[in-house]
Amino acid sequence: MLKGVLAAAVTPLQEEGTALDEDAFGAYADFLVAGGLDGILALGTTGEGILLTLEERRRVARLFLDTVAGRIQVAVHCGAQTTADTVRLAQDSAEAGADAVAVIGPPYYAFDEESLVRHFVAAATACAPLPFYLYEFRARTGYSLPASAIERIRDEAPNLAGLKVSNSPFEDVEPFLIEGLDVFVGSEPLILEGLDKGAAGAVSGLAAAFPEAVVRLVRERSGDVAKLRAGLERFPFQAAAKHAVGQRGVPVRDDVRAPLRPLSAEEGSELDTWLASL
C-alpha cells in the first residue's frame, strides 16, 4: 500500500523533448529521495506519461525503479487511450517491480459505466495482486468516475487500494473519500483539508520540484505551498517544474514533449528571478 507523500515526478527529456534523457534519472531520483518523500508517481500528468510511446513509458518505469532502488516507493501511472495499452503497461509495471499501479480514465469518448468498469477491472487484473489506484481528474478526462462504478470495480478487483484525486475545489474531492479506500490528494491547497477529512496522503506535482515543502506541509502542517504552486503555474507547468529542478542543481533539462511547449527566454528569466527570491 502506498503511504504518505509522493511526488508526481517529471520525466527527464532531451533533444527538444523527442528523447528520454536517461543520464538525468539517477541525479533526479537522488534529489527526490533527499527531499524526504515516501514515494513517487512516475508518468502521471506532471510526468507527461500520456504523451510518451508505450516503449518509452516502459523504459521510464524501469529507470525510476532502478535509480530509486528500493529507497522509496514507486507507483507507475499506466492510463492510456485503449484498454489493451493500459493492460500492457499495468502488467509490465508489475513485472518490473513497481509498488503500485495507477490508471486515469481514457479521455475523448463518452463512456458509460459498463465501459469504465470493464476498462479499470482489466487494468487492475493485469497487475494483481499489486495495489491498484484509480486516478480521478475530471479536468483532464472530461468526466468523473461514478460512485457506483467505483463500487463495482471494488467488488471485481480485490487489489483496488484507493484513488488519487486531483479535482478542485474540495467539494469535488470529498465524494471520493470512500471508507476503506486510501485517497491521495493531488491539489496542494486542498491537502490539509483532505487529511483532516480522512485522506491517506498526497501525490503532488509541486513535490516534483519542491519535495521538502510538500513533505513539511503533510508532516508538520506548515509552509505555504499555495504560493509555490501559483509561482510555477504562471508558466507552462511541466516546463516550469523542470526548470526549477534544474535551477536547484539537478541536471534536468526544460525539454518537454510536444504539443507541450518549453519556456520562452523571457519566461525563463522571469522564473529565475522568482526562484532567486524564495
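Some points to look at:
- Each principal axis of the Cα atoms in the range 1-109 has its own extent, and those three values, largest first, are 41, 36, 23 angstrom.
- Rounded to 5, percent antiparallel among DSSP beta bridges of the chain: 5
- Surrounding net charge for Ala265, when Lys and Arg each add one and Asp and Glu each subtract one, Cβ distance under 14 Å: -4
- Sum of side-chain charges, Val218 neighbourhood, beta-carbon under 13 Å (Lys, Arg +1; Asp, Glu -1): -2
- Approximate spin-label separation Ser148-Ala276, in nm, with each point projected 7 Å along Cα-to-Cβ: 5.9
- Amide H contacts under 5 Å for Val256, placed H, 5+ residues apart: Gly17
- Dipole in debye (nearest 20) - the range 1-61, about Cα centre, beta carbon charges: Lys, Arg +1; Asp, Glu -1: 380
- Radius, Kirkwood style, for the chain when every pair of distinct Cα atoms is counted (Å): 18.5
- Karplus-derived HN-Hα couplings along the range 24-37 (A = 6.51, B = -1.76, C = 1.60, θ = phi - 60°), whole Hz, x at Gly and Pro: 8, 5, x, 5, 5, 4, 4, 4, 5, 5, 5, x, x, 5
- Mean accessible surface per residue for the chain, computed with a 1.4 Å probe while every protein chain stays in place, in Å²: 41
- Counting only DSSP beta bridges whose two residues both lie in the range 1-95, roughly 20 percent are antiparallel.
- Helix 83-96 and the longest principal axis of the Cα set of the chain meet at an angle near 70°.
- For the chain, the longest principal axis of the Cα atoms and the long axis of helix 147-156 meet at an angle of about 70 degrees.
- Rough spin-label spacing in nm, given labels placed 7 Å along Cα→Cβ, for Glu15 and Arg138: 4.1
- Two-decimal log10 I(q)/I(0) for the range 138-278, as the Debye equation yields it once each C-alpha is a single scatterer, q = 0.21 Å⁻¹: -1.23
The values are calculated or read from the model by the stated rules, or taken from the named source; none is laboratory data. If you're wondering where the values come from, they're calculated on a predicted model, not measured in any experiment. We place every Cβ from the backbone using ideal geometry, glycine too, and count neighbours over all the protein chains shown. These accessible areas exclude ligands, DNA and RNA; they are computed on the full protein's heavy atoms, side chains included. Shrake-Rupley method; radii C 1.70, N 1.55, O 1.52, S 1.80 Å.
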